[in-house]
Ligand code: FPP
């Protein structure tokens, strides 16, 4: 085991890490490459981070791959990202399955191209019984949209007024089976949530960091976990020490 891993407190690994994978375009621009090359490098970074999270004992990893707002980008870039998602699901299937990773898509899937829906479904079906890391890939995901859909479903199910609780609402979200994230990381230097997991991030620790997503690797994740372990989570309570 290398020195960096040794400095992690294995008793305090964040159970659920959420990541806004930002900075692909600027990573490419810095190298005089097209934005699409940045997204491809971003897919390789995702491979490294999923592997690292699984090795380090993180239980849930949720990544923002395409937002409900990302449709505003050029057709070329949108099409490239959709093709990349298909490629990711097919290319990674064997390895993720062997690593006991369970993969699920979160977001409004019915508006995604059929090829993406099919690739995601195949990944989900093949990995559904795996018991290791749960990887949730947010595609055509928006936090406000998720809350609107949740309200519609609760009304549709005619849930009685006095049964509407925070837990009930949580269970109707796309992330219904997951605990709330303990740690949110946004790479690429921007300090905003961009409509990601609005309900679920209420008590998460936030790390905003300048590193571009394609530069992220296992050492990066270890450093993020160390930073998390230096935080003092109080959930609205006071510090008794
Ligand atoms: C934001 O960077 C990134 C995205 C909108 C796409 C994220 C996609 C990947 C990491 C590729 C792999 C994943 C799948 C499953 C498709 P940006 O383009 O906004 O970067 P910029 O802010 O530097 O322009």
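Does residue 181 meet the test of being in a helix (DSSP H, G or I) and either within 13 Å of the ligand (Cβ to nearest atom) or under 30 Å from residue 40 (Cα atoms) (or both)? Taking the combined requirement at face value, the residue does not satisfy it. Quick check on my filter: what residues within region 184-213 are over 14 Å from the mean Cα position of the chain (by Cα) and within 16 Å of the ligand (Cβ to nearest atom)? Those that are over 14 Å from the mean Cα position of the chain (by Cα) and within 16 Å of the ligand (Cβ to nearest atom): 188, 189, 190, 191, 192, 208, 209, 210, 211, 212. Within region 160-191, the set of residues being touching a helix residue (DSSP H, G or I) at 6+ places or on another chain (Cβ under 8 Å) and free of Cβ contacts under 8 Å to residues at least 40 places away in the same chain comprises 164, 168, 169, 172, 173, 176.
Looking at this structure, is residue 23 within 14 Å of residue 137 (Cα to Cα), in contact with a helix residue (DSSP H, G or I) (Cβ under 8 Å, 6 or more places away or on another chain) and near the ligand (Cβ under 8 Å from one of its atoms)? Don't jump to the end; show me each part of the working.
Details: within 14 Å of residue 137 (Cα to Cα): no; in contact with a helix residue (DSSP H, G or I) (Cβ under 8 Å, 6 or more places away or on another chain): yes; near the ligand (Cβ under 8 Å from one of its atoms): yes.
No: the conditions fail for residue 23.
Quick check on residue 84: is it on the phi < 0 side of the Ramachandran plot and within 14 Å of the ligand (Cβ to nearest atom)? Spelling it out, residue 84 is indeed on the phi < 0 side of the Ramachandran plot and within 14 Å of the ligand (Cβ to nearest atom).
The set of residues from region 41-53 being out of contact with any strand residue (DSSP E or B) (no Cβ under 8 Å at 6 or more places or on another chain) and surrounded by 18 or more Cβ atoms within 10 Å (Cβ to Cβ) comprises 41, 42, 43, 45, 51, 52.
The numbered conditions (1) within 12 Å of the ligand (Cβ to nearest atom); (2) more than 26 Å from residue 149 (Cα to Cα); (3) under 16 Å from the mean Cα position of the chain (by Cα); (4) surrounded by fewer than 20 Cβ atoms within 10 Å (Cβ to Cβ) are all true for residue 29 except (3). Consider region 71-81 and keep the residues that are within 12 Å of residue 112 (Cα to Cα) and touching a helix residue (DSSP H, G or I) at 6+ places or on another chain (Cβ under 9 Å). The one that is nearest to the ligand (Cβ to nearest atom) is 81. In this structure, does residue 61 turn out to be within 10 Å of the ligand (Cβ to nearest atom) and buried (at least 18 other Cβ atoms within 10 Å of the Cβ)? Considered against the rule, which asks whether it is within 10 Å of the ligand (Cβ to nearest atom) and buried (at least 18 other Cβ atoms within 10 Å of the Cβ), residue 61 comes out as no. In this structure, residue 36 does not satisfy being modelled with pLDDT of 95 or more, more than 9 Å from the ligand (Cβ to nearest atom) and under 17 Å from the mean Cα position of the chain (by Cα).
Hey, among the residues in region 219-236 that are assigned to a loop (DSSP other than H, G, I, E, B) and within 15 Å of residue 181 (Cβ to Cβ), which one's modelled with the lowest pLDDT? Going through the qualifying residues, I end up with 233.
The values are calculated or read from the model by the stated rules, or taken from the named source; none is laboratory data. This one's a predicted model, so the numbers in the text were calculated from it and none came from an experiment. All Cβ positions, even for glycine, are placed from backbone atoms using ideal geometry, and neighbour counts span all protein chains on display.
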